[in-house]
Amino acid sequence: MDGTRRVPKTSAVKLAQARALQRRQRAAVCSYVAHLEASVNELRRATARLEGRREAWAIMHPAPERPLDHTASARVGAAYFDICRFGIVTDHDVTALRPLLAADGFDFMGGGGVDELFDQWHRYATYFAAFEMTCHHIAVSPAETSDVVLCTSTMRLRLHRRTLECLFPHLLVREDMVQRLVGRELAVPMTLTLYVRHDGCQIQSMHSDLAFASSLAELLGSLEDTVVAMDGARVHGPWLLADDDDDASVAARSLTYKAP
């Protein structure tokens with residue numbers, strides 16, 4: 001014997017097994033953390049929806065002895081943003097929003113109705129990778145039979161390749177533009193005007209103005225590239241167009257909108 005202590009082969013095997021176990025444990029922890037993060041995000045969305053539904057319930061079922069005041073119309077505006085913060089994506093979102101809309105004669109952008117409103121929401125959910133709408137300020141102007149609720153807000157839209165395919169198909173041949181837009185976030189200033197009826201405290205009419213061009217210019221940092229992007233874009237005001245939409249009729253509808 002040379003006096004040198006040899007490490008048994010079984011010890012080397014156990015060491016390799018221990019390292020493999022540690023790797024599996026780390027992978028399991030990473031997977032669990034990712035699952036928790038996804039659950040937290042879903043809980044945030046669910047909380048926003050529930051808060052909106054609570055606001056809608058409070059508006060639709062006021063205490064009988066409480067007289068009508070114009071703060072109720074402001075609450076309608078706040079409830080709309082609570083419900084729609086992350087878009088109208090699920091049946092629960094649709095169910096929460098419907099009670100805020102007048103059942104008879106609801107007007108969306110001077111020609112559309114409830115179906116057109118939900119169709120546009122579907123397009124926002126489909127065309128963009130992520131969506132968030134936040135309200136910064138609500139002002140109410142009383143009128144005889146309804147209140148005019150002016151909401152200053154921002155839409156944050158995460159662009160991906162489907163955004164270009166649906167709204168900016170002419171840019172797909174410009175790989176430089178594709179690289180500059182895909183994965184970026186577009187912060188679009190929006191002014192939403194709601195006409196809220198005194199009887200029932202529901203939204204009778206809705207009109208929105210979005211500054212797509214200016215927000216795109218800020219993102220691209222070039223007026224020339226912005227002109228190229230908007231020339232042929234399938235966007236008219238807040239309207240996102242589908243392949244079978246008539247661009248001219250939608251544009252005319254937006255331009256000729258008249259307040260009720």
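The values are calculated or read from the model by the stated rules, or taken from the named source; none is laboratory data. Only a predicted model underlies this, so the values are computations on that prediction, with no experimental measurement involved. Counting neighbours? That spans all protein chains shown, and the Cβs are built from the backbone with ideal geometry, glycine included.
Here is a yes/no grid of residues against (1) out of contact with any helix residue (DSSP H, G or I) (no Cβ under 6 Å at 6 or more places or on another chain); (2) more than 20 Å from Leu194 (Cβ to Cβ):
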site	(1), (2)
Thr90	yes, yes
Ala96	no, no
Asp104	yes, no
Phe108	no, no
Glu116	yes, no
Glu144	yes, no
Leu150	yes, no
Glu165	yes, yes
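All of (1) free of Cβ contacts under 8 Å to residues at least 24 places away in the same chain; (2) buried (at least 18 other Cβ atoms within 10 Å of the Cβ) hold for Asp147 with one exception: (1). The condition of being surrounded by 19 or more Cβ atoms within 10 Å (Cβ to Cβ) and more than 25 Å from Ser73 (Cα to Cα) holds for Leu157. Screening region 167-188 for residues that are in contact with a helix residue (DSSP H, G or I) (Cβ under 7 Å, 6 or more places away or on another chain) and not hydrophobic (A, V, I, L, M, F, W, C) and picking the one that is farthest from Asp199 (Cα to Cα) gives Arg180.
Just so you know, in region 218-230 the residues that are within 13 Å of His170 (Cβ to Cβ) and free of Cβ contacts under 8 Å to residues at least 60 places away in the same chain include one that is surrounded by the most Cβ atoms within 10 Å (Cβ to Cβ), and it is Asp225.
All but one of (1) under 18 Å from the mean Cα position of the chain (by Cα); (2) at pLDDT 90 or above hold for Ser73; state the number of the condition that does not hold. Just one mismatch for Ser73, condition (1). Against the criterion of being modelled with pLDDT of 90 or more, farther than 19 Å from Val196 by Cβ and surrounded by fewer than 14 Cβ atoms within 10 Å (Cβ to Cβ), Ala125 does not qualify.
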